[in-house]
Amino acid sequence: MSKFIYILICFFITASCSKQKKHNSDPISLENITPKPQKITVEDNSFKLSKETSIIFNTEETKAIAEFFIDKIASHTGLSISLAGESQTENTIQLVLDDALEVNNEGYRLSISKENILVKAKTNQGLFYGMQSLLQLLPISLESYHLDAIQLPTGTVTDEPEFSWRGWHLDVSRHFFSVEEIKKQLDVLALFKINKFHWHLTDDQGWRIEIKKYPKLTVQGIQKNEESSKKEYYTQEEVKEVVAYAKERFIDVIPEIETPGHAVAALAAYPELSCNPNIKYQPRELWGVDYNIFCAGNEKVFQFLDDVYAEIVPLFPYKYYHAGGDEVPKRSWENCSSCQKTMKENSLKDEEELQSYFMARVEKIIQKHDKIMIGWDEILEGGITPTTNIMSWQGEEGGIKAANAGHDVIMAPASYAYLNFSQGDYRVEPMAHGGDVPLEKVYNYNPIPADIADDKRKHILGMQGNIWTEYAYEGKDIEYYMYPRILAIAELTWSGEKTKNYEDFLKRLALLYPILDHYEINYHIPLPEGPTADNIAFIDSVTVEFETTHPVTMKYTLDGSQPTENSETYKQPLTFSENTEINIASFLPHGKVSKVRKLQLKKVTYKEAQKPKNVQSGLQIQTVKGHFMDADEVPTPNGEISIIKNIEATNTAYDWGKEIDTTKFGASILKGYIEIPEDGVYYFASKQEQVKIADSLIINPKSTLKRFPIEGTIALKKGLHPIEILYLNNVVKGWASDWNEVEVKFRRAKQETYKAIDSSMVFYAE
Ligand code: ACM
Ligand code: ZN
């Protein structure tokens, strides 16, 4: 059945059943608007939207909104409506500004009667949101199909947002995203009434905005990689284009110029702005937090920032400017005579207070332009000025402290608001920063923590979803992180605690997927989780159980084929006693399928234990120098063999802030025996390039980025079994393996918790 016919049938069912249903959950019900409106009154009638329908407006700005939605309606439905002529009064959509309407400045009232549609608001922004709600009532059609008329349910929606800050943040430094990629996101976010775009324009890895007075920023300040021929910054004209595009969608753009840390790209262009101008800085190719920052004792730095703001303020016509302030290692300030002199002269007791001094000076520059400064919560450490606003990311504590002290706060605590964190099991999901931020957790977040005094609640402006892009390489990757979680943020910030309801949201979400498809959004579909390894060994039989982060249908095959609509639906744990290949995927209600998960279940016998002679505690290790990306590149080691007492002893160093010591690059091969406590099927988990147990290669991620362990299984008899580990000291896609603990963990198949293989379990034979 084609998508269109399916939607049309849903639509007629809705129309004919609406008398019986109080809470209609079909696509065009007023109850299906997202974010959920504050108040909905459903009437028992319909309005016919057709080619004859036209939009009445009475100011030039309102006309722009009318034209915007004429285009949107045509694109969503294929139906062309028009601007109204002078005399038209019937079959209209009327946009009316009304100061007396009892909603806030972003609120609206959408009234659909049999004859007309009336959208009222105090502001054009309100009218825009009323029209976005109306747009969601229209069925999405295939591009090739043109509807002649659409029946809309009658009723009234009276709506306003709970929070004024409903935001999205994008880091364009770690990876660069084009103007077109950003516009695409803004267009979709506007459908859901997101109204702030926080644009993280500068960081250690790249300075991404043209500053005419400092042209080297976008030459030396951009990482040179294989793709360096690409222009990876925005000209001021392009910035204006993005800001204008956002403005048309009532999204304010908040630029962030990171200070005093995360500044290596700027220092690469202008080393005189650092504490040590003799260093040859390069935009960082690694992730992490660099020790080199802007000097706080050098007037040139404040002149530079003054010049930068003089150029950017005309580009961003909104009141908020973000000045960074997070993750500032103080090492270069401690060792800098100018910084120390500034501390003395200003009676600053430590480097935290020096940071406060620095931020206060940045704030003065921003205030000169009548703008308001926002900083990340670390800037609270040395104290802040009374006019500083805080963005709370490390948790809620900074936000609570700031709001209780009377500062405005935007909540973005990482464990709820960082959309670059995994939304499902990291072993199944694509690379992300960490876990675990599933949709439900985001949805249930309340931006006003209980510890905020009643009279200080007003200081919480709202919340935003942040995307850091170390592991997002293309537009489709940021979409995967964003959707559907950004819709949860849109709803919790618009609808608020009283109106939101997760079960209801999930029902509506099913109806939003076709809209996201229309915009070609690569949204996340919950993947079949449960088994933590893809190759599972068993002795007699094995039971596999699947779950998803939120409810979707899973279907599977056992014959090696791809699951389809007609495949078996997963209902309960499956037990097998023979070798089996399971292909399992999630299916959304409108038929879209997730990535397929392939599992190999292998019936095995226990590997017999070995009885090596003269065993000693420890492991043998042999190292070969070189920058190897894959096991195949590693030559047979012929160097000296030494003994280490446990696997962790292979660790070189852990230091995010320094450049990686490339002289340490190489491969280490660890060999010996592991003592298995009892007969059983074991799961091993490691971030290493290879782990062989009992001569079986059970972990072999093959040159991928090793931020998280992967797992392998094997059945072992109690006793000693050979173990061989290949550790590559290298850098893959900005991640230094040197940052990982070198370890292998294990668990029995039926246990949940892992234990590291420690020195009591490893031996070598002399
Ligand atoms: C941040 O995530 N460092 C603000
Ligand atoms: Zn300094």
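The values are calculated or read from the model by the stated rules, or taken from the named source; none is laboratory data. Bear in mind that the values here come from a model prediction, so they are computed numbers and not experimental data. Every residue, glycine among them, receives a Cβ derived from its backbone with ideal geometry; neighbour counts consider all protein chains shown. Heads up: the accessible areas ignore ligands, DNA and RNA and are worked out on the full protein's heavy atoms, side chains in. Shrake-Rupley method; radii C 1.70, N 1.55, O 1.52, S 1.80 Å.
What FRET efficiency would be calculated for the residue pair S577, D661, taking the C-beta separation as r and a Förster radius of 60 Å, to the nearest 0.05?
Values: r = 52 Å, r/R0 = 0.86.
E(calc), rounded to 0.05, equals 0.70.
Dipole of segment 440-502, Cα-centred, from +1 at each Lys and Arg C-beta and -1 at each Asp and Glu C-beta, to the nearest 20 debye?
Roughly 240 debye, rounded to the nearest 20.
With labels modelled as points extended 7 Å from the Cα through the Cβ direction, what inter-label distance (nm, one decimal) is found for N566 paired with N651?
Label at N566, label at N651, 5.6 nm between them.
Show log10 I(q)/I(0) for segment 695-766 at q = 0.24, 0.27 Å⁻¹, two decimals, from a solvent-free Debye sum over equal Cα scatterers.
-1.36, -1.52
Provide the gained length on full extension for the span K216 to K671, in nm with one decimal, where the gain is 0.36 nm per separating residue minus the Cα-Cα distance.
158.8 nm
So what is log10(I(q)/I(0)) for segment 356-423 at q = 0.21, 0.23, 0.24 1/Å, when the Debye sum runs over its Cα atoms only?
Ignoring solvent entirely, the Cα scatterers give -0.82, -0.92, -0.97.
Could you give the Stokes-Einstein D for segment 620-756 in µm² per second, using the C-alpha Kirkwood radius, 25 °C, 0.890 mPa s?
The estimated diffusion coefficient comes to 159 µm²/s.
Can you send over the carbon and sulfur percentage of the accessible area for the chain, probe radius 1.4 Å, protein chains only?
48 percent
From Cα coordinates alone, what are the radius of gyration and Dmax values for the chain in angstrom?
29.4, 102
Give the whole-number value, in cubic angstrom per residue, of the convex hull volume spanned by the C-alpha atoms of segment 427-550.
166 Å³
Per residue, how much accessible surface does the chain expose to a 1.4 Å probe? Answer in Å², no decimals. Don't skip to the end; give the middle numbers.
Values: 31650 Å² over 766 residues.
Per-residue accessible area for the chain comes out at 41 Å².
If you bin every alpha carbon distance in segment 198-343 into 5 Å steps from zero, what whole percent lands in each bin?
2, 10, 18, 23, 19, 14, 8, 4, 2, 0
Using 0.36 nm times the number of residues separating N116 and H590, minus their current alpha carbon distance, what extension gain do you get?
167.5 nm
Give, rounded to the nearest 20 debye, the magnitude of the charge dipole that segment 305-435 has about its Cα centre when Lys and Arg contribute +1 at Cβ and Asp and Glu contribute -1 at Cβ.
Dipole about the Cα centre, nearest 20: 280 debye.
Between A765 and D436, what FRET efficiency follows from the Cβ-Cβ distance if R0 is 35 Å, with the result rounded to 0.05?
About 0.25, to the nearest 0.05.
Take the alpha-carbon centre of segment 71-116, take the same for segment 306-337, and report the distance between them in whole Å.
When both Cα centres are located, 43 Å separates them.
Debye calculation, C-alpha points only, no solvent: report log10 I(q)/I(0) for segment 553-647 at q = 0.11, 0.12, 0.13, 0.21 Å⁻¹, in the same order as the q values.
Computed log10 I(q)/I(0) values: -0.69, -0.73, -0.76, -1.03.
For the residue pair K611 and N335, what label-to-label distance in nm results when each label sits 7 Å from Cα along the Cα-to-beta-carbon direction?
5.8 nm
Give the percent of DSSP beta bridges with both residues in the chain that are antiparallel, rounded to the nearest 5. Intermediate results must be reported in sequence, preceding the final value.
Details: 88 of 135 bridges.
Percent antiparallel among DSSP bridges in the chain is about 65.
Just name one of I647, I669, Q688: the one whose Cα is farthest towards the positive end of the charge dipole of segment 607-727 (beta-carbon charges, Lys/Arg +1, Asp/Glu -1).
My answer, from the dipole projection, is I647.
Which one, Y309, I251, N389, projects farthest toward the positive side of the charge dipole computed for segment 249-395 from Cβ point charges (K/R +1, D/E -1)?
Y309
Which whole-number percent is the relative contact order of the chain (Cα, under 8 Å, 6+ apart)?
9 percent
Assign unit charges at the C-beta atoms only (+1 for Lys and Arg, -1 for Asp and Glu), then state the dipole size of the chain relative to its Cα centre in Debye, rounded to the nearest 20.
Numbers: 84 positive and 110 negative charges, 166 e Å.
I would put it at about 800 debye.
If you average 1/r over every pair of different alpha-carbon atoms in segment 500-595 and take one over that average, what Kirkwood value in Å do you get?
Every distinct Cα pair counted, the radius reaches 14.9 Å.
Using only the alpha carbons of segment 283-393, determine the length spanned along each of the three principal axes and report them from longest to shortest in whole angstroms.
39, 36, 28
Using a 7 Å offset from the Cα along the Cα-to-Cβ direction at both N638 and V96, what is the distance between the two label points in nm, to one decimal?
Placing both labels 7 Å along Cα→Cβ, they lie 9.1 nm apart.
Have a look at A609, G591, N638 and report the one farthest towards the positive end of the charge dipole of segment 561-669, computed about the Cα centre with Cβ charges (Lys/Arg +1, Asp/Glu -1).
A609
P430: net charge of surrounding residues, Cβ under 14 Å, Lys/Arg +1, Asp/Glu -1, itself excluded?
Every neighbour counted, the sum reads -1.
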